[in-house]
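Working notes for the structure below.
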Amino acid sequence: MTRSDTGQASSREASPTLRVLLADDQALLRGAFRTLLDSTHDITVVDEAGDGAQAVALTRQWRPDVVLMDIQMPGMDGLAATAQICADPDLIATRVLILTTYETDEHVAQALRAGASGFISKGIDTNDLIDAIRSIAAGDTLLSPAATRSLVTRFLATPAIGEDHDHEQLAALTPREREMVALVATGLSNLEIADRMYLSPFTVRAHVQRAMTKLHARDRAQLVVIAYQTGLAHSVRTQHEPPRVQ
């Protein structure tokens, strides 16, 4: 193997391919997404599902990095499938990205409760779709500050009927970690939190990661849910100026 070949091999090893499962009842749309994603150097489509039940079964079979999940599907819909996937401890590394035609507040809130890491519209730009999949796979959340405030305040701040919220789960957090979680709930990025708190982005990331571990949160989206459902976001937000609207 030449030095050039070695360098190319090292580059491929440093950039592992993201494995994506497509779940949508429209075969034509699945085909379009597959063609697009398979043409991307770091993404491959492992399989396709036409309904929620098939999406759950194929996710358990393939354990992809990301499931691109439509909401409206026959039989088991995308929200129910998302809930099953996110509740399965064997699929802890799989992220669900909700794909929807109508990006309503209620659907987004239900998707977050189910454990989804983000949501996008079917009318999304090609490059934005690819960036969204990469971001979700990296553990980020597709929630803008404005969307976080409007959606979570309206739906997640009011517990669902019969939903049990264990406030004792926050006892494991340090005061600084509690503050970080509350700021994450406003939709701020690590860099924005660092600027506001006069900390380094590395320090903020460390606090957030420790909080996620202690709260058994899959990603930042679940931190948002926990912060609002336990009242942490409300109790701490008043100590800071409102986040800027984007």
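Laboratory data are not the source of any read-out in this text; all were calculated from the coordinates shown. No experiment lies behind these values; they were computed from the predicted model shown. FYI the Cβ positions are ideal-geometry reconstructions off the backbone, even for glycines, and counts take in every protein chain you see.
Counting Lys and Arg as +1 and Asp and Glu as -1, what is the net charge of the other residues whose Cβ lies under 11 Å from the Cβ of PRO201? Provide the component values of the computation, followed by the final result.
Details: positive: ARG205; negative: GLU192, ASP195.
Taking every other residue near PRO201 into account, the sum is -1.
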## Note on the structure
If the chain between ASP38 and ASP90 were fully extended at 0.36 nm per residue, the gain over the current Cα-Cα distance would be 16.1 nm
### Task
Using the Karplus curve 6.51 cos²θ - 1.76 cosθ + 1.60 with θ = phi - 60°, work out ³J(HN,Hα) for each residue of the range 174-180 in order, rounded to whole Hz, and write x for Gly and Pro.
6, x, 5, 5, 4, 5, 4
### Query
At what distance in nm do the modelled label points of GLU168 and LEU191 sit from each other, each positioned 7 Å from its Cα along Cα→Cβ?
4.1 nm
### Query
In the neighborhood of GLY75, defined by Cβ-to-Cβ distances under 10 Å, what is the net charge if each Lys or Arg adds +1 and each Asp or Glu adds -1?
-3
### Summary
Along the range 43-53, Karplus-curve 3J(HN,Hα) (6.51, -1.76, 1.60; θ = phi - 60°) to the nearest Hz, with x for Gly and Pro, reads 9, 9, 8, 7, 5, 10, 10, x, 8, x, 4
### Message
Taking amide H atoms as placed 1.01 Å from N in the peptide plane, list the residues 5 or more away in sequence, or in a different chain, whose amide H sits under 5 Å from that of VAL67.
### Response
LEU21, ARG95, VAL96, LEU97
### Task
Note down the nm distance, to one decimal, between modelled labels 7 Å out along Cα→Cβ at ARG60 and at ASP125.
4.0 nm
### Task
Give me TYR198, TYR228 ranked fewest to most by other Cβ atoms within 10 Å of their Cβ, as a rough exposure proxy.
TYR198, TYR228
#### Entry: ³J(HN,Hα) computed for each position of the range 117-124 - Karplus, 6.51 cos²θ - 1.76 cosθ + 1.60, integer Hz, glycine/proline x
8, x, 8, 9, 8, 5, x, 5
### Message
What distance in nm separates the two pseudo spin-label positions at ARG176 and ALA138, each 7 Å out from Cα along the beta-carbon direction?
### Response
2.4 nm
### Query
In terms of modelled amide H atoms, which long-range or inter-chain residues lie less than 5 Å from the amide H of LEU18?
ILE43, THR44
